[in-house]
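Undergrad: Once you've had a glance at the structure underneath, I'll fire off some questions.
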Amino acid sequence: MNKCKYSPDGYFGSKFVTAVVIGDATGQIQFEGYQVSNQCMALVRSEILLPTYDAPELGYIKETSPEQYVPDVYFKGKDSYNNEIMKIGCPLPLDYLILDVPTGFPTANNQMKSTFNDT
């Protein structure tokens with residue numbers, strides 16, 4: 001685990017952030033950052049979350065075997081009547097396991113200061 005003063009429990013599981021640079025409608029560049037959640041890190045570490053071969057946006061939750069107990073994994077979704085319902089996570093949309101990381105740069109007249117400095 002990694003110390004992180006911005007996490008509610010003081011630690012965060014992932015050291016890696018994916019940064020995406022895209023162009024917007026006005027021709028300017030835009031930065032977006034993503035990181036997996038602690039729940040995702042725990043599922044992968046326990047070898048419970050597996051990739052799917054035909055749909056990269058979905059993950060597969062392994063079934064319980066004699067060697068490993070796997071608890072049921074649920075996520076909230078909407079039904080055809082727009083009611084919030086609990087669904088079993090097989091397959092699991094990976095969007096539920098990804099966090100948005102704020103990105104940006106200071107203006108030219110501001111001095112750059114890291115917000116990730118723990119001192």
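Undergrad: Could you bin all the Cα-Cα distances of the chain into 5 Å bins starting at 0 and give me the percent of pairs in each, rounded to whole numbers?
TA: For the chain, the binned pair fractions read 2, 8, 13, 17, 16, 15, 12, 8, 4, 3, 1, 0, 0 percent.
Undergrad: So how many Å³ per residue does the convex hull of the Cα atoms of segment 17-78 work out to? Write out the running numbers ahead of the final one.
TA: On the way: hull volume 9.1 nm³, N = 62.
Measuring per residue, one finds 147 Å³ for the Cα hull of segment 17-78.
Undergrad: Can you tell which of Leu94, Asn38, Ser65 lies farthest toward the positive end of the dipole of the chain, using +1 and -1 charges on the Cβ of basic and acidic side chains (Lys, Arg; Asp, Glu)?
TA: Result: Asn38, furthest along the dipole toward the positive end.
Undergrad: Pull out the extension gain between Glu63 and Leu50, defined as 0.36 nm times the separation in residues minus the alpha carbon to alpha carbon distance; nm, one decimal. Could you put the intermediate results ahead of the total?
TA: Numbers: separation 13, 0.36 × 13 = 4.68 nm, distance 1.07 nm.
Between Glu63 and Leu50, full extension yields an extra 3.6 nm.
Undergrad: If you don't mind, there's one more thing I want to ask. Per DSSP H run of n ≥ 4, the term is -39500 (n - 2.57); total these for the chain, divide by its residue number, and report the mean residue ellipticity at 222 nm rounded to 500 deg cm²/dmol. Please list the in-between numbers first.
TA: On the way: 1 runs with 8 residues, N = 119.
When only DSSP H runs of four or more count, the value is -2000 deg cm²/dmol.
Rule-based calculations on the coordinates, nothing more; no lab input. What you are looking at is a predicted structure, and each value in this text was computed from that prediction instead of being measured. Every residue, glycine among them, receives a Cβ derived from its backbone with ideal geometry; neighbour counts consider all protein chains shown.
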